[in-house]
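Below is one structure; the comments refer to it alone.
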Amino acid sequence: MKKMLYLMRHGQTLFNVLCKIQGWCDSPLTDKGIEQAKTAGKYFKNNQIKFDAAFCSTAERSSDTLELVTDMPYTRLKGLREMSFGKFEGEHEYLNPKITDAQKQYGDFFVQYGGESAQQNKDRVKKTLFDIMNQDNKSVLVVSHAGSIMNFTSQWTDIDKIKDSGFGNCSILEFEFEDNKFTFKKIINFN
């Protein structure tokens, strides 16, 4: 049976504005982030997209976003959290290592600082999304984080196309799920 996954990034946060690394630490949505989430909610309503289930990470920025998009009950899951950046959490983004075109991700850089590798993050999010999509739901909304979404999505499509599209806060990636396989369909941006 063909199912739909709407994988959405949380709204803009204070740390996004301050250019701070935000993995497992949290910061509140800004006024712009609140408006972005409301705009995403209007998109779903205007396109008559309804969900059988909704999920988000355990970070407040994700649950706050989800609550602005829909008033349906939802489940918070640790498996949808952002990548852990260890001692880099809350630090300025200029401290992030440079990612080369060949790498396209951080590899295991953050492990030495108490964080997780890109592969650990990818495996965690992939397992969680497979578990979600193998439940008895045809249409699912998931609110997560940029790094986790990019690590997951890189398995199913060219991640450069996603980045070049203007992927930002409250962007939505639409996937089809059938025969235990995700197929990337499109991106919806509100920036």
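Some observations on this one:
- In the set LYS45, LYS78, LYS87, only one residue is open to solvent by 40 Å² or more (accessible area, probe 1.4 Å), over 21 Å from ASN151 (Cβ atoms) and basic (Lys, Arg); that residue is LYS45.
- Of the residues ASP131, ASP123, ASP108, the single one that is under 15 Å from the mean Cα position of the chain (by Cα), open to solvent by 70 Å² or more (accessible area, probe 1.4 Å) and over 24 Å from GLN12 (Cβ atoms) is ASP123.
- Counted residues, region 17-38 - those being surrounded by fewer than 22 Cβ atoms within 10 Å (Cβ to Cβ), within 9 Å of LEU68 (Cα to Cα) and either in contact with a Ser or Thr (Cβ under 7 Å, 6 or more places away or on another chain) or hydroxyl-bearing (Ser, Thr, Tyr) (or both): 0
- Check on PHE167, part of a helix (DSSP H, G or I) and surrounded by 18 or more Cβ atoms within 10 Å (Cβ to Cβ): no
- Any hit, region 48-67, residues being within 19 Å of LEU7 (Cβ to Cβ), of a type in the set (Val, Ile, Thr), open to solvent by 20 Å² or more (accessible area, probe 1.4 Å) and not in a loop (DSSP other than H, G, I, E, B): no
- Check on ASN180, at positive phi, exposed (fewer than 12 other Cβ atoms within 10 Å of the Cβ) and polar (S, T, N, Q): yes
- Selected residue (only one of MET72, MET8, MET1 is modelled with pLDDT under 95 and either surrounded by 18 or more Cβ atoms within 10 Å (Cβ to Cβ) or assigned to a loop (DSSP other than H, G, I, E, B) (or both)): MET1
The values are calculated or read from the model by the stated rules, or taken from the named source; none is laboratory data. All values reported here derive from a predicted model rather than from experimental measurement. All Cβ positions, glycine included, derive from the backbone under ideal geometry; neighbour counts span all protein chains shown. These accessible areas exclude ligands, DNA and RNA; they are computed on the full protein's heavy atoms, side chains included. Shrake-Rupley method; radii C 1.70, N 1.55, O 1.52, S 1.80 Å.
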